[in-house]
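The values are calculated or read from the model by the stated rules, or taken from the named source; none is laboratory data. Here the structure is a predicted model, which means the values were calculated and not measured. Ideal geometry is used to build each Cβ from the backbone, glycine not excepted, and the neighbour counts take in all protein chains shown. Each accessible area value is taken on the protein alone, full model and side chains, heavy atoms only, with ligands, DNA and RNA left out. Shrake-Rupley method; radii C 1.70, N 1.55, O 1.52, S 1.80 Å.
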Amino acid sequence: MQPLAILKPASLSQAVTMHQAEPQPRYLAGGTDLVPNMRKNIQKAQTLIDISGLAELREIRTESQSLRIGAGVTLEAFCEAPAVRTHAPLLVQAASQVAAATHRATATVGGNLLQDTRCYFYNQSDWWRTANEFCMKCEGDICRVAPKSDRCYACYSGDLAPALLVLDARIDIVGPTGTRQEPLAALFADDGMHHLKLAAGDLLVSVEVPAQAGWSAGYEKMRLRGAIDFPLAGVAVALRRDGNRVAELRVACTGVNSYPGLVPGLEALAGKVPDDAFYATLDKAVRKEIQPMASTLTAAGYRRRIVSAMARRLVGKLFAAACN
Ligand SMILES: Cc1cc2nc3c(=O)[nH]c(=O)nc-3n(C[C@H](O)[C@H](O)[C@H](O)COP(=O)(O)OP(=O)(O)OC[C@H]3O[C@@H](n4cnc5c(N)ncnc54)[C@H](O)[C@@H]3O)c2cc1C
Ligand code: SF4
């Protein structure tokens, strides 16, 4: 690792100012994504702005119609917070599957959302990449997964984002040009090298999760090691049941694109009985949305099939458990 300066801002505005003033700056939250990547020399920084001491980022607040979660809340605190457990149990289900308990003690909500994308040819040590050639995302000039491609297909592999997307979450950002609130979905782009639509110095402050009366929701992930691992594929589902019909349905995926995305076109299933035709339409919509590539040790075709299977299974389970 190169020599580093570590700065501790006393406020959000000071953090943003430091980001503008210092050479090669990065915000540091729990460090469980950034630091391993810096040690592998795939992410670089000369200055780390340690935002873990900022009290404004560590609040969980119940508001009249929503729950506001500070970006600096650790996943451990998040999973234990009664407000989160009551307001959005889906989020606890997803967050409790992130990495291992020791990571969750320091890993944060914001760091989870803003983690780097992943690929077998990229998340390797410096010596591995030197011996096996670099790739376009870091120091090389071709994509090893799709050599003729001019884009990178590294996968977004966060567990929280799909769960927040099906709950229609919004995010608050402060940056050099002021503050803004936007839908979480607007944060992500379909590009493994530039998957976050953030300007230099933008700091994620909080996530707002609207009240979900009448909705049932769940998350499933497939990973190689059950006790600790990124999702090779993950699916979140939220649905509203009305009698023997699905009144509304949202599905979001992770691990299978460069962004975590809501599956489009599911309005067509609103008001339908979940029969074979319903599941065939769901399958088609999910398969159209995802684009797993040979960027992990698990075959892309398998990941494609497993996403459809997890989506079908979750919808069936949630529908059966939902109140009429
Ligand atoms: C062995 C291992 C297993 C893992 N398994 C999983 C897994 O199963 N699922 C999963 O989702 N993740 C996994 N991770 C990745 C990581 O641990 C988590 O995503 C974690 O939540 C990252 O949070 P952090 O606070 O440590 O982020 P950091 O590493 O501190 O930051 C990550 C990135 O976000 C930026 N950042 C952080 N906070 C802010 C903010 N408020 N505003 C602006 N930028 C910010 C940082 O600059 C950095 O670029 C794993 C990591 C390891 C090492
Ligand atoms: S998808 Fe291609 S460019 Fe992107 S990290 Fe993998 S090998 Fe590198």
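Per-structure values
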{"item": "Qualifying residue in the range 7-16 (condition: touching a residue at least 60 places away in the same chain (Cβ under 8 Å) and open to solvent by 20 Å² or more (accessible area, probe 1.4 Å))", "result": "yes"}
{"item": "Any pair with Cβ under 7 angstrom, 6 or more apart, that starts in the range 275-288 at a residue that is small (Gly, Ala, Ser) and modelled with pLDDT of 95 or more and ends at one that is surrounded by 15 or more Cβ atoms within 10 Å (Cβ to Cβ) and part of a helix (DSSP H, G or I)", "result": "ALA285/LEU266"}
{"item": "Count - residues of the range 238-272 that are open to solvent by less than 20 Å² (accessible area, probe 1.4 Å) and touching a Phe, Trp or Tyr at 6+ places or on another chain (Cβ under 8 Å)", "result": "10"}
{"item": "Any pair with Cβ under 6 angstrom, 6 or more apart, that starts in the range 203-225 at a residue that is closer than 15 Å to ALA322 by Cα and ends at one that is among the small types (Gly, Ala, Ser) and part of a loop (DSSP other than H, G, I, E, B)", "result": "SER216/ALA322"}
{"item": "Close pairs from the range 25-43: first without any contact (Cβ under 8 Å) to a residue 40 or more places away in the chain and near ligand 1 (Cβ under 7 Å from one of its atoms), partner in a loop (DSSP other than H, G, I, E, B) and not β-branched (Val, Ile, Thr), Cβ under 6 Å, at least 6 apart", "result": "ARG26/ALA45"}
{"item": "Residue match in the range 51-66 (condition: hydroxyl-bearing (Ser, Thr, Tyr), open to solvent by less than 70 Å² (accessible area, probe 1.4 Å), over 30 Å from ARG85 (Cα atoms) and in contact with an Asp or Glu (Cβ under 9 Å, 6 or more places away or on another chain))", "result": "no"}
{"item": "Wholly within the range 77-152, helices (runs of 4 or more DSSP H) carrying at least 2 residues that are within 11 Å of ligand 2 (Cβ to nearest atom)", "result": "126-132"}
{"item": "Every residue from the range 229-252 that is within 18 Å of ALA99 (Cα to Cα) and not aliphatic (A, V, I, L, M)", "result": "ASP229, PHE230, PRO231, GLY234"}
{"item": "Members of the range 169-222 found to be assigned to a loop (DSSP other than H, G, I, E, B) and aliphatic (A, V, I, L, M), listed by number", "result": "ALA169, ALA189, MET193, LEU198, ALA199, ALA200, ALA211, ALA213"}
